[in-house]
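What follows is one structure encoded as structure tokens, with my remarks underneath.
Every read-out reported here was derived from the displayed coordinates using simple, explicitly stated rules and does not represent laboratory data. These figures come from a predicted structure and were not determined experimentally. As a convention, Cβ positions derive from the backbone with ideal geometry for all residues, glycine included, and neighbour counts pool all protein chains shown.
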Amino acid sequence: MNDATQMVPEPALKWMEKSTSSFAASLRVQFSRKGYLTDRQIQAVLRAISQDAERKETKAEPPAESTPLMDALNAASKQGRRPRIHLGGFILTRAPDDSRNPGAVYVTDQETKDYLGKIVGTSLEMRRSMSIEDVHTLTAAIQNPKEEAIKYGRSTGMCSCCGRELTNQESINAGIGPICQGKFGW
């Protein structure tokens, strides 16, 4: 059998059908147009299936302790889109429930969008060393995200949650917009 016309195993077809990755989407397009996948593509799909299974086995349990930061992000996530909080040069986002780190908060650089680490419960697990000021900013956000969001809004003139400019005087004084206050349960 020619390499280009190898039969696609049933698990690979199911994975291609269910996966939302751009890789799976490109394979679906090729398979529908040409009716086959190459041996290398099939091997890549089988590796992806194996990696998905490993992730499910090593998936962490959400931390038992709840924090005000996680409570606010959980409340906002029930409103739809994936919520985020901008603070002191960081973007804090809730890890998806089906991720390797359910219950964690991802920390990215606000400017570069680089992943910096995560907050699990009350502990910081960062990829790079942080200044004392950065540690204080993140620790304060864990304990009182509303207060930190208000400080951010008052100092920058931008809503910490949606990133929009605070325009009416009530929002400027509050340091956060009324819609975001409601979404985050503040």
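Orientation-averaged projection of the stretch 3-58 equals 3.6 nm² [convex hull of Cα atoms, one quarter of hull surface area]. Under the combined filter of DSSP loop state and at most 15 neighbouring Cβ atoms within 10 Å, the stretch 26-117 retains these trypsin sites (Lys or Arg not before Pro): LYS59, LYS78, ARG81, ARG100, LYS113.
Its DSSP H runs of at least 4 residues, each contributing -39,500 (n - 2.57), put the calculated 222 nm mean residue ellipticity of the chain at -14500 deg cm²/dmol, to the nearest 500. Relative to the longest principal axis of the Cα atoms of the chain, the long axis of helix 39-58 makes an angle of roughly 40 degrees. Computed over neighbours whose Cβ is under 15 Å from that of LEU116, the net charge equals -1, Lys and Arg +1, Asp and Glu -1. Evaluated at q = 0.09, 0.10, 0.13 Å⁻¹, a Debye calculation over the C-alpha positions of the chain (equal weights, vacuum) places log10 I(q)/I(0) at -0.47, -0.55, -0.76.
Based on the alpha-carbon gyration tensor of the stretch 120-161 and its eigenvalue square roots a ≥ b ≥ c, which shape applies: rounded if a/c is under 1.5, prolate if not and a/b is larger than b/c, or oblate? Here the stretch 120-161 falls in the prolate category.
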